Amino acid sequence: TMGWYVGFKLHLLCNEKGELVNFVLTRANVADRQESVIDTLTDKVFGKLYADKGYISQSLFGHLWDKGVHIVTGLRSNMKQRLMPLYDKIMLRKRSVIESINDMLKNVAQLVHSRHRSVHNFIMNLLAAMGAYCFFATKPEVNFDYDVPESNGQLVFWR
């Protein structure tokens, strides 16, 4: 059909314990790598940030590096292979934590709602779902059963 699409994106940042660190709500047509979104998400964040391959960019890496954030992403298949510390390779595999958080927000905290009658109702439902998630007894997390040599900073997962 021809018509409008009204949607939003919820950009989340979480730590290794499954706790929400920061979030940004944007229109659906806003790119994930837009500088204003990234600056808001990474405000007062330091350490390593693990993201998917969609965030590969020299300018983004340099911008975050200047703020004290080291972004770690996987390599695309057409990219030249580079050496990566084993710890970073393991942590990239643990990005499923953020996907599990999204699943819990949608299915357990009931973030998804088909029709909101007002913008205020939409915002209230969003904040209530994220607030409810913060009080969940069990959250998806990364278990550290060994001594981690490079864990001197804050670990953050991004979607």
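If you go through the range 53-106 and pick out every residue that is in contact (Cβ under 8 Å) with a residue 40 or more places away in the chain and basic (Lys, Arg), you end up with 2. Within the range 63-84, the residues that satisfy the criterion of being at pLDDT 85 or above and surrounded by 11 or more Cβ atoms within 10 Å (Cβ to Cβ) are His63, Leu64, Trp65, Lys67, Gly68, Val69, His70. Can you find a residue that is surrounded by fewer than 16 Cβ atoms within 10 Å (Cβ to Cβ), closer than 23 Å to Lys139 by Cα and of a type outside the set (D, E, K, R) anywhere in the range 30-37? Within the range 30-37, not a single residue is surrounded by fewer than 16 Cβ atoms within 10 Å (Cβ to Cβ), closer than 23 Å to Lys139 by Cα and of a type outside the set (D, E, K, R).
Restricting the search to the range 67-126, which residues are basic (Lys, Arg) and in contact with a Ser or Thr (Cβ under 7 Å, 6 or more places away or on another chain)? Quick ask: steps written out before the conclusion?
The first filter runs over the range 67-126 and keeps only residues basic (Lys, Arg), leaving 67, 76, 80, 82, 89, 93-95, 106, 115, 117.
Residue satisfying the conditions is Lys67 alone.
Residues that are in contact with a strand residue (DSSP E or B) (Cβ under 8 Å, 6 or more places away or on another chain), among the small types (Gly, Ala, Ser) and assigned to a loop (DSSP other than H, G, I, E, B) within the range 38-67 comprise just one, Ala51. Per the conditions (1) surrounded by 13 or more Cβ atoms within 10 Å (Cβ to Cβ); (2) modelled with pLDDT under 85; (3) farther than 26 Å from Cys134 by Cβ; (4) not aromatic (Phe, Trp, Tyr), the sole criterion not satisfied by Thr1 is (1).
Residue-by-condition table, conditions (1) at pLDDT 85 or above; (2) more than 15 Å from Ala51 (Cβ to Cβ); (3) crowded, with 16+ Cβ neighbours inside 10 Å:
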| position | (1), (2), (3) |
| --- | --- |
| Leu86 | no, yes, no |
| Ile90 | no, yes, no |
| His116 | no, yes, no |
| Ala128 | yes, yes, no |
| Thr138 | yes, yes, no |
| Asp145 | no, yes, no |
| Phe157 | no, no, yes |
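For Arg95, the stated conditions hold: it is of a type in the set (Lys, Arg) and within 26 Å of Asn143 (Cβ to Cβ). For the range 81-133: of the residues being in a helix (DSSP H, G or I) and of a type in the set (S, T, N, Q), which is nearest to Leu10 (Cα to Cα)? Checked the range 81-133; the qualifying residue nearest to Leu10 (Cα to Cα) is Asn102.
The values are calculated or read from the model by the stated rules, or taken from the named source; none is laboratory data. None of the values given here were measured: they were computed from a predicted structure. Reconstructed Cβ throughout: ideal geometry from the backbone, glycine too, with neighbour counts over all protein chains shown.
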